[in-house]
Amino acid sequence: MEKQYDVCVAGAGYAGAVSARALAEKGKKVLVLERRGHIGGNAYDCLDEHGVLIHQYGPHIFHTNDKKVFDFLSRFTQWRDYQHRVVANIPDPAGEGRPGWRLQYPVPFNLTSLEEAFGPEEGRALGGKLIAAYGAERKVTILELRQNPDPEIAALADYVYEHVFVHYTMKQWGQKPEDIDPNTTARVPVFLSRDDRYFQDAYQGMPLEGYTKMFERMLDHPNIEVRLGMDARPILKEADGPVIYTGQVDELFDFKFGPLPYRTLDFQFETWRDRDYNAPGMPYPDPDRPLRGGGFYQTHGTVNYTVDQDYTRITEFKHLTGQDLPGVTTIVKEYSRAYTGAEGETPYYAIINPENNALYAKYKAEADKKPQLHLLGRLAEYKYYNMDAIAARALELAERL
Ligand code: FAD
Ligand code: UDP
């Protein structure tokens, strides 16, 4: 590392940018090296060729109960109040023989979902039974619900497992819910409530001008220098001061104990337009399916395909961002598969299990031999962290340094 810097940070996502800013404000000179051609990490957003604000690495919705994190980020952005709502889209069993007839109900599966799935009467009765067993407004994980010995609740648990969890989880992880880390399905519990929001956190929303703008302001500080398109590893090997590394830890140590397993995603972006929207050069994917009213493709920000389709979910960005762009919209379909390490692939999700955690521990022990090296972030810590958790950890680390 060149001598004029006090700290070197590898990566300009949440982990790198938040720690760089916090350190810069303590008077440290920080060099941020980012391998990609842009800042923001996986939260990066940009306009696509049709002028729609998209999230290039998958949909990101900010939510937290951590006031310190929210206040910190709020210095770099205003927020659009957005409460994320997701529905499961499944073939309707009552619609057999009527192609295209589908059922939609809220996810997390809640009291409203129950009535949509079982009809108002039976749904209400089942809801009453669940509340008697667990309490109103309680969140119950699917694995917990499946332990219930009551035959009626057990049958309901089987229904939710089959229609919400098992196929989606097989697509996302290649494994059944009972075979993956229980904390993963616990992110989306059965919710004994009428609250149909995906998250119940005190603070949630979208950066008013997008994530990238927020990161630009965060990194705009006289003590911070950002260099894009640069792999930090060669420089880190020579650094004699503190280093914050937010990339893959197995890669940092040249995969000496073998590669850590990850899941990656293929994103299929599609732009749709109204039949009467005349923009030159605009593709027109399916003339028989014009957009619904208001230039929207679907009813909700995200629709989960929990039973069929090869993709897990479809997200329509305009719902999230509130962008006023009549007549045209962009959606993204997510396809999950095993990460192979091939050129251009991104490791998105650590696969948390005892074997992989043990492999990670070997790399961590190697890193711990270097007191100046700090592993921070979703990749470097091999954890399933949301944005707010990473921001909180970055603030703590900066405090400690
Ligand atoms: P990253 O964002 O991955 O940033 C790491 C950066 O380091 C990258 O830019 C990378 O290019 C760079 N880098 C790596 N190696 C090197 C190197 N050797 N040299 C230089 N640079 C390097 N969280 C939420 O809270 N809400 C959501 O709705 C949400 N949705 C998500 C949807 C998807 C599809 C995914 C995959 C994640 C989602 N997340 C969400 C999680 C969120 O993306 C992470 O919490 C966050 O991005 C973690 O930030 P990070 O800095 O640890 O990692
Ligand atoms: N999940 C599911 N069906 C759903 C939503 C989630 O089975 O409709 C399970 C699935 O295993 C998924 C996990 O719950 O990987 C966590 O879901 P979340 O939406 O939090 O995943 P992320 O947005 O992080 O990909």
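The values are calculated or read from the model by the stated rules, or taken from the named source; none is laboratory data. If you're wondering where the values come from, they're calculated on a predicted model, not measured in any experiment. Cβ placement follows ideal geometry from the backbone for every residue including glycine, while neighbour counts extend to all protein chains displayed. SASA here: full protein model, heavy atoms, side chains in, ligands and nucleic acids out. Shrake-Rupley method; radii C 1.70, N 1.55, O 1.52, S 1.80 Å.
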Notebook entry, point to check: Just for the stretch 9-44: of the residues that are more than 16 Å from ligand 2 (Cβ to nearest atom), in a helix (DSSP H, G or I) and among the small types (Gly, Ala, Ser), which one is farthest from ALA391 (Cα to Cα)?
Noted result: ALA24
Next item on the list: Test ASP179 against the criterion of being surrounded by fewer than 19 Cβ atoms within 10 Å (Cβ to Cβ), more than 17 Å from PRO108 (Cα to Cα) and more than 13 Å from ligand 1 (Cβ to nearest atom), and give yes or no.
Entry: yes
Notebook entry, point to check: Name the residues in the stretch 325-356 that are hydroxyl-bearing (Ser, Thr, Tyr), closer than 23 Å to ARG36 by Cβ and more than 12 Å from ligand 1 (Cβ to nearest atom), would you?
Noted result: THR330, THR340
Next item on the list: Please specify each residue of the stretch 58-93 satisfying the condition of being within 29 Å of VAL190 (Cβ to Cβ), outside any strand (DSSP E or B) and either open to solvent by less than 50 Å² (accessible area, probe 1.4 Å) or within 13 Å of ligand 2 (Cβ to nearest atom) (or both).
Entry: GLY58, PRO59, HIS60, ILE61, VAL69, PHE70, TYR82, HIS84, ARG85, ASP92
Notebook entry, point to check: In the stretch 124-163, which residue that is of a type in the set (Gly, Ala, Ser) and part of a loop (DSSP other than H, G, I, E, B) is most open to solvent (accessible area, probe 1.4 Å)?
Noted result: ALA136
Margin query: Can you tell me which condition LYS213 does not meet? The list is (1) in contact (Cβ under 8 Å) with a residue 40 or more places away in the chain; (2) in contact with a helix residue (DSSP H, G or I) (Cβ under 7 Å, 6 or more places away or on another chain); (3) of a type in the set (Lys, Arg), and all the others hold.
Written below: (2)
Next item on the list: Kindly check whether there is at least one residue in the stretch 134-152 that is of a type in the set (Gly, Ala, Ser) and in contact with a strand residue (DSSP E or B) (Cβ under 8 Å, 6 or more places away or on another chain).
Entry: no
Next item on the list: Can you confirm whether the stretch 227-240 contains a residue that is charged (D, E, K, R), open to solvent by 50 Å² or more (accessible area, probe 1.4 Å), part of a strand (DSSP E or B) and at pLDDT 95 or above?
Entry: yes
Note to self: Looking at ASP195, ASP201, can you tell me which residue is part of a loop (DSSP other than H, G, I, E, B) and more than 12 Å from ligand 1 (Cβ to nearest atom)?
What the structure shows: ASP195
Check: Here are some conditions: (1) in contact (Cβ under 8 Å) with a residue 24 or more places away in the chain; (2) assigned to a helix (DSSP H, G or I); (3) away from ligand 2 (no atom under 13 Å from the Cβ); (4) buried (at least 20 other Cβ atoms within 10 Å of the Cβ). MET206 meets all but one. Which one does it not meet?
Finding: (2)
Check: Just one of LEU219, LEU192 is at pLDDT 95 or above and either among the basic types (Lys, Arg) or in contact with a Phe, Trp or Tyr (Cβ under 7 Å, 6 or more places away or on another chain) (or both); which is it?
Finding: LEU192
Item checked: the stretch 166-177 residues that are touching a residue at least 12 places away in the same chain (Cβ under 8 Å) and near ligand 2 (Cβ under 6 Å from one of its atoms), paired with ones that are acidic (Asp, Glu) and outside any helix (DSSP H, G or I) (beta carbon under 9 Å, 6 or more apart) -> GLN172/GLU334
Check: So which pairs qualify, if the first residue must be in the stretch 332-358 and free of Cβ contacts under 8 Å to residues at least 60 places away in the same chain, the second must be part of a loop (DSSP other than H, G, I, E, B), the Cβ gap must be under 9 Å, and the two must be at least 6 apart or on different chains?
Finding: GLU355/PRO261; ASN357/TYR382
Notebook entry, point to check: Could you say whether any residue in the stretch 106-118 is more than 23 Å from the chain's Cα centre (by Cα), more than 14 Å from ASP195 (Cβ to Cβ) and either outside any helix (DSSP H, G or I) or of a type in the set (Val, Ile, Thr) (or both)?
Noted result: no
Note to self: Testing ASP254 on (1) touching a residue at least 24 places away in the same chain (Cβ under 8 Å); (2) surrounded by fewer than 14 Cβ atoms within 10 Å (Cβ to Cβ), one condition comes back false. Which one is that?
What the structure shows: (1)
